[in-house]
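Sending over a structure as structure tokens; questions will come in a sec.
No value in this document is a laboratory result; all are computed from the given coordinates. Quantities reported herein were computed from a predicted structural model and do not represent experimental measurements. We place every Cβ from the backbone using ideal geometry, glycine too, and count neighbours over all the protein chains shown.
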Amino acid sequence: MSHPCCIAVSPSSFEGEFHAHLKRILPVYKKRRDALLESLEGEIPEGVAWTTTQGGYCCWVTLPEDGYFDDLYRTALSRGVAYTPSDVFKVGPEARQHMRLCFGAAKESDIRQAVHTLGEIVKERMGSPATGLRETVSRNAEGRRAVGEGRDSQAPASDAS
């Protein structure tokens with residue numbers, strides 16, 4: 001670590017400000033975390049699991065294997081919800097079975113609405129790949145078959161033939 005960074009994070013440079021900041025912000029993060037966990041409990045269907053963080057500002061959600069979640073991220077974005085898909089962190093077939101939900105910067109009401117929306121999307125896609133997915137087939141600009149929900153039909157589907 002560089003000398004200026006060490007000075008910036010040294011306890012003597014804070015003169016109590018850091019601890020005062022923690023005293024103010026930790027209850028805020030706890031409320032946001034609790035809003036996320038309560039919303040997950042109420043909105044997310046059986047078969048989905050999540051972590052309960054005791055520190056940090058993220059929660060990992062694990063989706064069941066028996067569902068069609070390949071377009072979950074794009075669908076969530078199209079409905080106004082952003083999260084970090086696990087394929088940013090790992091590679092392999094199970095990479096799309098996880099989501100990292102962060103609550104650090106969001107208002108409690110936004111967290112609740114986002115989890116409600118994610119719950120709706122997950123419920124639509126649970127079960128076999130055909131369950132809950134209103135499939136439409138179209139041709140994209142290159143003439144390849146694209147499978148999705150109409151609004152995503154321009155994006156090439158990785159499993160389309």
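Amide H neighbours of W50 under 5 Å, counting only residues 5+ apart in sequence or on other chains, H built in-plane at 1.01 Å?
It is T62, by chain and number.
Can I ask one more? Please state the charge dipole magnitude for the range 18-73, taken about the Cα centre, from unit charges on C-beta atoms (+1 on K and R, -1 on D and E), reported in debye and rounded to the nearest 20.
Rounded to the nearest 20 debye, it is 860 debye.
Remind me, relative contact order of the range 16-129 in percent, using alpha carbon pairs under 8 angstrom and six or more residues apart?
37
When we measure straight from the Cα of K31, which lysines land under 19 angstrom away, once same-chain ones fewer than 8 places off are left out?
Cα-Cα hits under 19 Å: K23, K107.
Tell me, what is the FRET efficiency for D110 and A20 to the nearest 0.05, using R0 = 25 angstrom and their Cβ-Cβ distance as r?
Computed FRET efficiency for D110 and A20 comes out at 0.40.
Still on this structure, I have one more. Quick one: net charge around Q54, please, counting Lys, Arg +1 and Asp, Glu -1 for every other residue with C-beta under 11 Å from its C-beta.
+2
Further, regarding this structure: Work through the residues other than M126 whose Cβ is under 12 Å from its Cβ and net out their charges, Lys, Arg +1 and Asp, Glu -1.
Working: positive: K123, R125; negative: E46, E65, D66, E120, E124.
Summing Lys/Arg as +1 and Asp/Glu as -1 gives -3.
Now, a different point. Given L22, V48, T75, which one lies farthest toward the positive end of the charge dipole of the range 11-76, if we put +1 on the Cβ of every Lys and Arg and -1 on the Cβ of every Asp and Glu?
L22
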